[in-house]
Amino acid sequence: MACSATTRIIHNPLAISSSRSAEKSDFSCKILSPSSFWGSASLGKKLLSVNKAISPISRRSATVVAVSDVVKEKKLKSSSSVSNLLITKEEGLVLYEDMVLGRAFEDMCAQMYYRGKMFGFVHLYNGQEAVSTGFIKLLKKEDCVVSTYRDHVHALSKGVPARQVMSELFGKTTGCCRGQGGSMHMFSKEHNVLGGFAFIGEGIPVATGAAFTSKYKREVLKEDCDEVTLAFFGDGTCNNGQFFECLNMAALWKLPIVFVVENNLWAIGMSHLRATSDPEIWKKGPAFGMPGVHVDGMDVLKVREVAIEAVGRARRGEGPTLVECETYRFRGHSLADPDELRDPAEKAHYATRDPITALKKYILENKLASEAELKAIEKKIDEVVEDSVEFADKSPVPARSQLLENVFADPRGFGIGPDGKYRCEDPKFTEGTAQV
Amino acid sequence: MDRDPRVCVMGEDVGHYGGSYKVTKGLADKYGDLRVLDTPIAENSFTGMAVGAAMTGLRPIVEGMNMGFLLLAFNQISDNCGMLHYTSGGQFTIPTVIRGPGGVGRQLGAEHSQRLESYFQSIPGIQMVACSTPYNAKGLMKAAIRSENPVVLFEHVLLYNLKERIPDEEYVLSLEEAEMVRPGEHVTILTYSRMRYHVMQAAKTLVNKGYDPEVIDIRSLKPFDLYTIGNSVKKTHRVIIVEECMRTGGIGASLTAAINENFHDYLDAPIVCLSSQDVPTPYAGTLEEWTVVQPAQIVAAVEQICR
């Protein structure tokens, strides 16, 4: 049974007022009707009481408080004490650089799309950077990440070079998937990015399988393996059968996986509240026997605190965690989405909670780095992104010979032709002109 | 499973129960509950799990308790098994085997009597094979496990009780080759899985009547072995396809098209395709008998085509 004494619910950190979010919480209550928005402090308190009434797990851990809350309280008393900060300078700069890379890259994607350099469905991650950075920067190279179609930034955070991602978006042969995948299918064997899936929910079982391999390596192959898998997906996916089926299997077998819900409240034009009977997604974790955590996904430090705990649980073999990150996408669902349904006031509210601005403020206020150092990072990232576009532009488009490659790992799968030879031995096959 | 510790089995009741048709009997005792994994009833998700495991180094064999249940896993089989090697630019391989009992049984009702080979055949990136004898079941299973491609292996509910002497030494068959069951001169009969036995029964009658049919078990449903098939067509000039698939969009339909395209000049008569009726398989025994092709129909078809 997964409900061991070590599980704990980290209550919504916003519930305990901190210097950063206090002035914002009242604002959010006025703008949105209380029932429609789960990020505000007053609702956070409501969440706490709901917890105690309904969830047996929270009853057990009701006295436990999040680490970040304790640290913040200390910080209020003595903000000059560097040892109470959540991050070191190095960590802060890494996080900052990663989020700026994500933002700059996506902005460039939009530009390139409107200039006709990339096509099809392109889904940008602007606004959600704290989730990707907060989680993925904790991982080792061998850990796996599975995402959805909104995967550019997950790939970048995991370490796939910007050049390869941009090339892939341009459909060039130097892309990470040789131009065969596109925006929605970013894969990297080297960096263990297992995709990139166009149908929502489709990646969750794949992530569960990667976590299963990790457990199998440990228990059957007796290897020293503590690899963890992160599955990222949105609020819309949480109404999909595959989500629930995988929560069950992951908890049942205590797989080393963290289910990260990027709840940006909208599934294209469908509001999360119109689609979901109980919109509190984190609650669905305990129903399957794993901890469910809700965290402010616009704050990279809070996400990171939760991630440290969840990834640590998985690595120690204690099983899966469901983390609901409340976040927001600043742009439409995709570059083809006119984004007419979302209330401008809601968008404005979240624009004030831009995760990059928040981290910058934290770094500067706590004197972790200077304005100049941050500007240097921004400049460096601009160059990286410019370089990736240049590289992608100069790269060749796939030749016809690439058409039939990679359909099968073993190309004998195309069968035996009328002449008795395997079709893949036909020279027309390598030219890409063979009829298969 | 002895040879390669990465080979594992996943499916409903494959472990402690030994499989719905006892195919995996005893394996859980020998290899443990993780290598022979009893899954909850979630076909789409555990098939997807097998894909994820395959991408990260394991070689899973997924069992559909009945092949029909794999319709629930169509998303994962089509999008992930079939496509990920391509969309990842060749970075990830998916060496899974998806297998299970299918076909029309004895009054199992419509949903347990499905032939999914016709539904799966268009998926790019997968191979499909159908076994029909203990000998080729073993050989094809080994080949499928060792293949780097995702393979769907169709077994038949009524063929599990067959007994045959098979070699002690190890053998692996080719996934892409067809099997010459009975060489002949007058007509080529192409078949697979259970219909092979109806064809052989008809062949006995035909031989008594003076005909010499060549019977080929195509085994590889996707891709077709056009060499073996072609050589036969060039010899006999007449083709009859006998299959358990439905008529519309079945394996026979594809095979007819492929033969017409490649060997049209060698045909003396239009290809005859004998398939199951396009009806949901009825429960009543008599009706069920009339949905699938019976030996008498095969005999009649041969007599017709050889006139």
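The values are calculated or read from the model by the stated rules, or taken from the named source; none is laboratory data. What you are looking at is a predicted structure, and each value in this text was computed from that prediction instead of being measured. No Cβ is skipped: glycine too gets one built from the backbone with ideal geometry, and neighbour counts run over all protein chains shown. Ligands, DNA and RNA are excluded from the accessible area calculation, which covers all protein heavy atoms including side chains. Shrake-Rupley method; radii C 1.70, N 1.55, O 1.52, S 1.80 Å.
Name the single residue that is farthest from the chain's Cα centre (by Cα) among those in region A:171-216 being among the aromatic types (Phe, Trp, Tyr) and more than 16 Å from B:Ser45 (Cα to Cα).
If we filter region A:171-216 for residues that are among the aromatic types (Phe, Trp, Tyr), which is where we start, we get A:187, A:197, A:199, A:212, A:216.
Still in the running and more than 16 Å from B:Ser45 (Cα to Cα): A:187, A:216.
On the way: A:Phe187: 15, A:Tyr216: 25 Å.
Only one residue tops the list, namely A:Tyr216.
Would you point out the residue of region A:144-157, among those that are assigned to a helix (DSSP H, G or I) and away from chain B (no Cβ under 14 Å), that is farthest from A:Ala336 (Cα to Cα)? Working first, answer last.
As a first pass, look at region A:144-157 and keep what is assigned to a helix (DSSP H, G or I): A:152-157.
Filter once more, so that each one left must be away from chain B (no Cβ under 14 Å): A:152-154, A:156-157.
Values: A:His152: 17, A:Val153: 19, A:His154: 21, A:Leu156: 23, A:Ser157: 25 Å.
Looking at residues that are assigned to a helix (DSSP H, G or I) and away from chain B (no Cβ under 14 Å), I get A:Ser157.
When the residues of region B:24-47 are filtered to those that are aliphatic (A, V, I, L, M) and within 7 Å of chain A (Cβ to nearest Cβ), which remaining residue is nearest to A:Ala231 (Cα to Cα)?
Looking only at region B:24-47, we keep the residues that are aliphatic (A, V, I, L, M), and these are B:27-28, B:34, B:36-37, B:41-42.
Now drop any that are not within 7 Å of chain A (Cβ to nearest Cβ), which leaves B:34, B:42.
Numbers: B:Leu34: 22, B:Ala42: 18 Å.
Out of the qualifying residues, it is B:Ala42.
If you take the residues of region A:188-227 that are closer than 30 Å to A:Phe121 by Cα and open to solvent by 40 Å² or more (accessible area, probe 1.4 Å), which of them is nearest to the other protein chains (Cβ to nearest Cβ)? It would help to see each step written out before you state the result.
Residues of region A:188-227 that are closer than 30 Å to A:Phe121 by Cα, as a first pass: A:188-211.
With the extra rule that they be open to solvent by 40 Å² or more (accessible area, probe 1.4 Å), the set shrinks to A:189-190, A:199-200.
Values: A:Lys189: 4, A:Glu190: 8, A:Phe199: 6, A:Ile200: 11 Å.
Applying the filter and picking the extreme gives A:Lys189.
For region A:320-343, give me the residue count where each residue is modelled with pLDDT of 95 or more and over 19 Å from A:Asp151 (Cα atoms).
3
Restricted to region B:211-227, and to residues that are part of a loop (DSSP other than H, G, I, E, B) and open to solvent by 20 Å² or more (accessible area, probe 1.4 Å), which residue is farthest from B:Ala258 (Cα to Cα)?
Taking region B:211-227 and keeping what is part of a loop (DSSP other than H, G, I, E, B), we get B:211-212, B:218-219, B:223-225.
Of the ones still in play, those that are also open to solvent by 20 Å² or more (accessible area, probe 1.4 Å) are B:211-212, B:224.
Values: B:Tyr211: 26, B:Asp212: 24, B:Phe224: 9 Å.
Within region B:211-227, the match that is farthest from B:Ala258 (Cα to Cα) is B:Tyr211.
When you go through (1) surrounded by fewer than 23 Cβ atoms within 10 Å (Cβ to Cβ); (2) over 16 Å from the mean Cα position of the chain (by Cα) one by one for A:Glu168, which number turns out not to apply?
Here A:Glu168 clears every test but (1).
Suppose we keep only residues that are open to solvent by 30 Å² or more (accessible area, probe 1.4 Å) and at the interface with chain A (Cβ under 10 Å from one of its Cβ atoms) within region B:68-89. Which one would you say is farthest from B:Phe154 (Cα to Cα)? Give the steps one after another, and end with the answer.
Of the residues in region B:68-89, the ones open to solvent by 30 Å² or more (accessible area, probe 1.4 Å) are B:69, B:71-72, B:74-75, B:83, B:86.
Within this subset, residues satisfying the condition of being at the interface with chain A (Cβ under 10 Å from one of its Cβ atoms) are B:72, B:75, B:83, B:86.
Values: B:Leu72: 16, B:Asn75: 18, B:Met83: 20, B:Tyr86: 24 Å.
Out of the qualifying residues, it is B:Tyr86.
Please find, among B:Ser174, B:Ser193, the residue that is assigned to a loop (DSSP other than H, G, I, E, B), within 14 Å of chain A (Cβ to nearest Cβ), of a type in the set (Gly, Ala, Ser) and open to solvent by less than 60 Å² (accessible area, probe 1.4 Å). Even if it seems obvious, please write down each step before you answer.
Working: B:Ser193 fails: within 14 Å of chain A (Cβ to nearest Cβ).
Sole residue among the options that is assigned to a loop (DSSP other than H, G, I, E, B), within 14 Å of chain A (Cβ to nearest Cβ), of a type in the set (Gly, Ala, Ser) and open to solvent by less than 60 Å² (accessible area, probe 1.4 Å): B:Ser174.
Could you give me the residue pairs with C-beta distances under 7 Å whose first residue belongs to region A:218-241 and is of a type in the set (Val, Ile, Thr), whose second residue is open to solvent by less than 10 Å² (accessible area, probe 1.4 Å) and modelled with pLDDT under 95 wherever it lies, and which are 6+ apart or on separate chains?
Cβ pairs passing all conditions: A:Thr237/A:Gly201.
Within region A:161-174, work out how many residues are within 11 Å of chain B (Cβ to nearest Cβ), of a type outside the set (S, T, N, Q) and touching a residue at least 24 places away in the same chain (Cβ under 8 Å).
0
Among the residues of region B:48-67, write down those that are more than 7 Å from chain A (Cβ to nearest Cβ) and open to solvent by less than 10 Å² (accessible area, probe 1.4 Å). Show your work before the answer.
First pass over region B:48-67, keeping only residues more than 7 Å from chain A (Cβ to nearest Cβ): B:54, B:59-67.
Those that are more than 7 Å from chain A (Cβ to nearest Cβ) and open to solvent by less than 10 Å² (accessible area, probe 1.4 Å): B:Ala54, B:Pro60, B:Val62, B:Glu63, B:Gly64, B:Asn66, B:Met67.
Would you mention how many residues in region A:176-194 are touching a helix residue (DSSP H, G or I) at 6+ places or on another chain (Cβ under 6 Å) and among the small types (Gly, Ala, Ser)?
Number satisfying all stated conditions: 2.
What are the residues in region A:278-310 that are among the basic types (Lys, Arg) and in contact with a helix residue (DSSP H, G or I) (Cβ under 6 Å, 6 or more places away or on another chain), if any? Write out each step before concluding.
Step one: filter region A:278-310 for residues among the basic types (Lys, Arg), giving A:283-284, A:302, A:304.
Matches in region A:278-310: A:Lys302, A:Arg304.
Here is a check on your reading of the model: is B:Ile145 in a helix (DSSP H, G or I), within 14 Å of another protein chain (Cβ to nearest Cβ) and either open to solvent by 20 Å² or more (accessible area, probe 1.4 Å) or modelled with pLDDT of 95 or more (or both)?
On the way: in a helix (DSSP H, G or I): yes; within 14 Å of another protein chain (Cβ to nearest Cβ): yes; either open to solvent by 20 Å² or more (accessible area, probe 1.4 Å) or modelled with pLDDT of 95 or more (or both): yes.
Spelling it out, B:Ile145 is indeed in a helix (DSSP H, G or I), within 14 Å of another protein chain (Cβ to nearest Cβ) and either open to solvent by 20 Å² or more (accessible area, probe 1.4 Å) or modelled with pLDDT of 95 or more (or both).
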